[in-house]
Amino acid sequence: MKPLALLLITFTLLWNHALAADPIVDTSSPLETIASDFGLADGPAWDGGGSLFFPDVKGGKLYRYFPRTGKVSVFLDDAGRISASYFNHGKLFLSDNGNSQICVLNGKTKKNIAGQPADAKPPRKPNDLVVDQQGGIYYTLTGAGEVIWISPAGKQSVAVKDIKTPNGLILSPDGKTLYVAAYVPKEIWAYDVTSPGVTKNGRLFAKMDSGPDKGADGMTVDRAGNVYCAGPADIWIWNPAGKLLAKIHTPTRPINCAFGDADMRSLYITGFGGLYRQRMNAYGCMPEPAVSATDSKPRRPTTTVPESVTPHLNVVYGQTGTRKLLADIFIPQSGQGPFPAVVVVHGGGWMNGDKTKFRALAVALCERGYVTMAVGYRLGHEAKFPAEIQDCNAAVRFLRAEAKQFHVNPEQIGAVGGSAGGHLAGLMAAAPDEKQLQGDAGYPDQSSKLQAAIVMAGPMEMASGTVAERSRKSGDKSYSNQWLGKSIDEAPELYKLSDAYLHFDKKTPPLLFMTGELDNPDRNVPSREKLKLLGVTTGIKVYPKGKHGCWNQLPWFNDMVEDMDQFFQQNLK
């Protein structure tokens, strides 16, 4: 066989491997009943940390569930008739149907959101709600046939009118589409969000079957933009184009749903039977981090975006099929630019994680004069290798193509990643010319080459070393086996393709390694030795008493940001 033909066959096999996806429902994990001792469990909300809130409408209570312990407890005993909850920006928002108010919890006290009429006639009973990335609130008035928007400043306006019995609602991951469930006709309507609180182009997105039972109820979305809605007997799931993907049948009528758990792969379903959980091969959208320092967690760097930084959240940097790829971009307010840029890649074993986990790092580097881009990329349960590295490379191409818009110097782009994100950052630096790692997510005329990269405790060797050892010994528990879909012995070529060490050459840009003292500082010795022999600038920074993940904890965070800045100043600026 001719080499070109062999190359084409290899590329086709890898492309098909990347596109291959498990069914969206994890059929290996049956639907689980968490608790059933409720009058009517309604709109659940994951708090972005370790617990799920959900109200019992009939019981007048607000409950909290901790998956780690399996404990369900009453969080608010006199909650009243709460019909839905939504967690965002470090706060729990509630649709207080009984008191005709949208409110936010301050500790265990309900505080009404400004801008709502207190004595409207007839009473305006809010049903469901969703909070956008700016902090604005959309909620449905079922009787009035409207969706109302409350701005962060407390100004109320009509976002959607003349829709029949609006009930559940949700925003697409990029915030550009508002989906509203019309309860009685069992229809899902989509509206373009032209600016916060303003919609146009209302259109029928999907319709449930024409059986006699009502109706289309609570909704959620996953990171791929798939839309979920509770129907009379099932949770219905459509892709962003309106194609029905699956239905999840529940023992009793479902009312609402939301993603949760540490990996955001559990779909929590509330209804007449209580609280259910279904594991998914999809990932829910993490809440936006806390916007004030007082809401930040102890020992964690603040996620507050200061006035010196301009945020652009959930920017679409590429698309593959119906899947939009999103990133958070931060631009310095001071200085004229163009600025050097840093792509920030989160970790999570290639199977978990979220771009918001590196919000603090992206903001801190931006404050030091870099445009930063915290990248969301497809994870292993959604798409296998090489999808993840293709997305990261697409992010670099996007920054070059849109350099003027985001004030970026296209000749000064670096990357930093932690753990699996460190591996991806290293692979980005090592193999910018490997076509199989580029993908089709936009701007093919641009280069994905980096000028510098930082690897925080990420493996560079995949076809050898500890990753290969675990691949052989751990079976399905091995992250690499899950991510690549095969073991090292089943697919050695895949492991070689993903191996940054094997791709290193004299063209590799400066590469700095960072790790905690208690996080195997010898992990990348072979890579550092090879880079030195190639004449590539490299080195290692070790942080006393630091464990894996210390880059996102105080006090190590501040020292590591300082060292990142020094390295990028020497190699980008």
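General observations
- Residue match in the stretch 273-290 (condition: more than 26 Å from ARG359 (Cβ to Cβ), touching a Phe, Trp or Tyr at 6+ places or on another chain (Cβ under 6 Å), crowded, with 16+ Cβ neighbours inside 10 Å and touching a residue at least 12 places away in the same chain (Cβ under 8 Å)): yes
- Applying the set (1) without any contact (Cβ under 8 Å) to a residue 24 or more places away in the chain; (2) in contact with a helix residue (DSSP H, G or I) (Cβ under 6 Å, 6 or more places away or on another chain) to ARG470 leaves exactly one unmet item: (2).
- Meets criteria (part of a strand (DSSP E or B), in the same structural domain as SER73 (by TED's automatic domain parsing) and touching a strand residue (DSSP E or B) at 6+ places or on another chain (Cβ under 8 Å)) for GLY168: yes
- Residue count for the stretch 40-54 under the criterion of being free of Cβ contacts under 8 Å to residues at least 60 places away in the same chain and under 13 Å from SER266 (Cα atoms): the result is 1.
- Single residue of the stretch 174-197 satisfying the filter (out of contact with any Phe, Trp or Tyr (no Cβ under 8 Å at 6 or more places or on another chain) and within 18 Å of CYS285 (Cα to Cα)) that is surrounded by the fewest Cβ atoms within 10 Å (Cβ to Cβ): LYS176
- Wholly enclosed helices (runs of 4 or more DSSP H) of the stretch 442-540 bearing at least 1 residues on the phi > 0 side of the Ramachandran plot: 465-474
- Contacts under 7 angstrom Cβ, first residue in the stretch 416-434 being touching a residue at least 60 places away in the same chain (Cβ under 8 Å), partner in a helix (DSSP H, G or I) and of a type in the set (Gly, Ala, Ser), 6 or more apart: VAL416/ALA425; GLY417/ALA425; HIS423/ALA500; GLY426/ALA500; LEU427/ALA500; ALA430/ALA500
- Filtering VAL305, VAL315 for residues that are in contact with a helix residue (DSSP H, G or I) (Cβ under 9 Å, 6 or more places away or on another chain), within 26 Å of VAL130 (Cα to Cα), hydrophobic (A, V, I, L, M, F, W, C) and not in a strand (DSSP E or B) leaves a single hit, VAL305.
- Strands (runs of 3 or more DSSP E) contained in the stretch 29-117 and holding at least 1 residues within 20 Å of GLY135 (Cα to Cα) and in contact with a Lys or Arg (Cβ under 7 Å, 6 or more places away or on another chain): 52-56, 91-96, 101-106
- The lone exception for ASN239 - which of (1) in contact (Cβ under 8 Å) with a residue 60 or more places away in the chain; (2) of a type outside the set (Phe, Trp, Tyr); (3) closer than 21 Å to LEU62 by Cβ it fails: (3)
The values are calculated or read from the model by the stated rules, or taken from the named source; none is laboratory data. Keep in mind that what you see is a predicted model, and the values were worked out from it rather than measured. With ideal geometry, Cβ positions are generated from the backbone for all residues, glycine too; neighbour counts draw on all protein chains shown.
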